[in-house]
Amino acid sequence: MLEADETNILASKRLIALLKSYGHIGETVKQLVAYLDIHNNDFEAWLELSNLYLTQNLYPQAAFCMEEVIMQQPANHYFHLCYAEISYSMGNFDLALKEYLRVVELSTDNVRGFYGIKLVADRIRDIRAKPKRDQNARIDDAPQPATLDRLSQLATERLVAAYNGASDTCKKTAEEWLKA
């Protein structure tokens with residue numbers, strides 16, 4: 001069917017789903033890339049390709065896919081969150097911080113976004129404090145230490161507020177982690 005009409009969306013998606021279900025990740029990626037060459041505005045296909053790249057620990061490729069998703073769905077905080085987490089995993093801390101800030105801008109009570117801000121701000125401060133910096137960490141565009149301190153403090157306050165309604169054990173655990 002695809003040989004007769006390579007633009008057949010349903011047949012292409014069916015083939016991709018079958019390949020994935022059989023565990024043929026390499027062939028699935030190849031077919032998804034071919035599909036996206038024709039139908040590049042299918043953000044769900046970009047998401048699927050990103051997830052496949054993540055299973056292979058191909059973070060730069062997964063980040064590119066998430067950039068494509070964000071270009072098509074810029075107001076979805078979840079996609080910014082995924083991109084921030086990928087950026088953090090790649091050591092691109094300045095970009096991760098910007099994306100986590102975008103998450104809480106779009107979703108003001110997003111706990112994962114505030115955790116991300118706290119983690120990244122503290123990580124950047126730790127990297128700057130070391131005499132020999134990690135060569136893979138990218139923090140060139142990161143804010144100044146005073147701004148990082150304010151961001152970390154704000155994230156801590158918002159997380160404590162989020163856990164105020166939780167059980168005492170959960171609240172205590174969160175507060176201990178935040179103070180560490």
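The values are calculated or read from the model by the stated rules, or taken from the named source; none is laboratory data. Every value quoted in this text rests on a predicted model; they were computed, and no experiment measured them. Methodologically, a virtual Cβ is constructed for each residue, glycine included, from the backbone with ideal geometry; neighbour enumeration extends over all protein chains shown. Protein only, heavy atoms only, side chains kept; ligands, DNA and RNA dropped before computing areas. Shrake-Rupley method; radii C 1.70, N 1.55, O 1.52, S 1.80 Å.
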Run the numbers on region 64-173 and let me know its relative contact order in percent, using alpha-carbon pairs under 8 Å that are six or more apart. 23 percent
Rh (Kirkwood, all Cα-Cα pairs) for region 76-145, Å, reads 12.0 Å
Given the rule -39500 (n - 2.57) for each run of at least 4 DSSP H residues, summed and divided by the residues of the chain, what is its mean residue ellipticity at 222 nm, to the nearest 500 deg cm²/dmol? -23500 deg cm²/dmol
Carbon plus sulfur fraction of accessible area for region 20-116, probe 1.4 Å, in percent: 52 percent
Toy charge model, Lys and Arg Cβ at +1, Asp and Glu Cβ at -1: the chain dipole around Cα centroid in debye, rounded to 20, equals 840 debye
At 1.4 Å probe size, with every protein chain present, just tell me what the per residue accessible area of region 1-76 comes to in Å². 62 Å²
With the cut-off at 22 Å, report for the chain the share of all Cα pairs above it, as a whole percent. 56 percent
Number of Lys pairs (Cα under 20 Å; 8 or more positions apart or on different chains) in region 76-180: 6
If each residue of separation counts as 0.36 nm, what is the full-extension length gain between GLU67 and ARG112 once their alpha-carbon separation is subtracted? 14.3 nm
